[in-house]
Amino acid sequence: MKRLNLILLVDDDETTNYLNKRLLNNLDAAERIEVATNGEEALKFLQTNHDAGHPNPELILLDIKMPVMDGFEFLEEYEHLPQELKNCVLVMMLTSSASFYDLERLKQYNAVQRHISKPLQEAHILEIMETYFPEK
């Protein structure tokens, strides 16, 4: 499996971020793996990363329930970003307790390709890579 340039993890739980980052590193899934602890940090990261001339994340793993700015609020703002900040980004929603309402709500966002239940597992990453990044 070839590596992605950048994966952005967006989750307020430090343990979850540690485990997800460790899994992704063990799978050698990306050149860089960055972490934001809420949607606001993630939006700032996207802008700062772009301004620095770095490639956009090819994959964002986004939690739904977070303080400051949750996953849905992030998606609302994300939809209005300039295209150059969204280019090549694939958003996957991660959650441990998505209600039927949350899952239905996800369908309104074009950026969301899939919902993944926590915990993130090797099989999830391999399936994502095979399905959405076959050239990698």
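The values are calculated or read from the model by the stated rules, or taken from the named source; none is laboratory data. This is a predicted model, so every value here is computed, not measured. Here the Cβ is made from the backbone with ideal geometry for all residues, glycine too, and neighbour counts use every protein chain on show.
Residue-wise test of (1) of a type in the set (S, T, N, Q); (2) surrounded by 20 or more Cβ atoms within 10 Å (Cβ to Cβ); (3) at pLDDT 95 or above; (4) touching a Lys or Arg at 6+ places or on another chain (Cβ under 7 Å).
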{"site": "L8", "(1), (2), (3), (4)": "no, yes, yes, no"}
{"site": "D12", "(1), (2), (3), (4)": "no, no, yes, no"}
{"site": "Y18", "(1), (2), (3), (4)": "no, no, yes, no"}
{"site": "L24", "(1), (2), (3), (4)": "no, yes, yes, no"}
{"site": "A29", "(1), (2), (3), (4)": "no, yes, yes, yes"}
{"site": "R32", "(1), (2), (3), (4)": "no, no, yes, no"}
{"site": "E40", "(1), (2), (3), (4)": "no, no, yes, no"}
{"site": "K44", "(1), (2), (3), (4)": "no, no, yes, no"}
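Here is a yes/no grid of residues against (1) within 12 Å of the chain's Cα centre (by Cα); (2) free of Cβ contacts under 8 Å to residues at least 12 places away in the same chain:
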site	(1), (2)
D11	yes, no
N20	yes, no
N25	no, yes
A30	no, no
T37	yes, no
I64	yes, no
L81	no, no
S99	no, yes
R105	no, no
Across region 32-79, the tally of residues that are of a type in the set (S, T, N, Q), farther than 21 Å from Y18 by Cβ and outside any helix (DSSP H, G or I) stands at 1
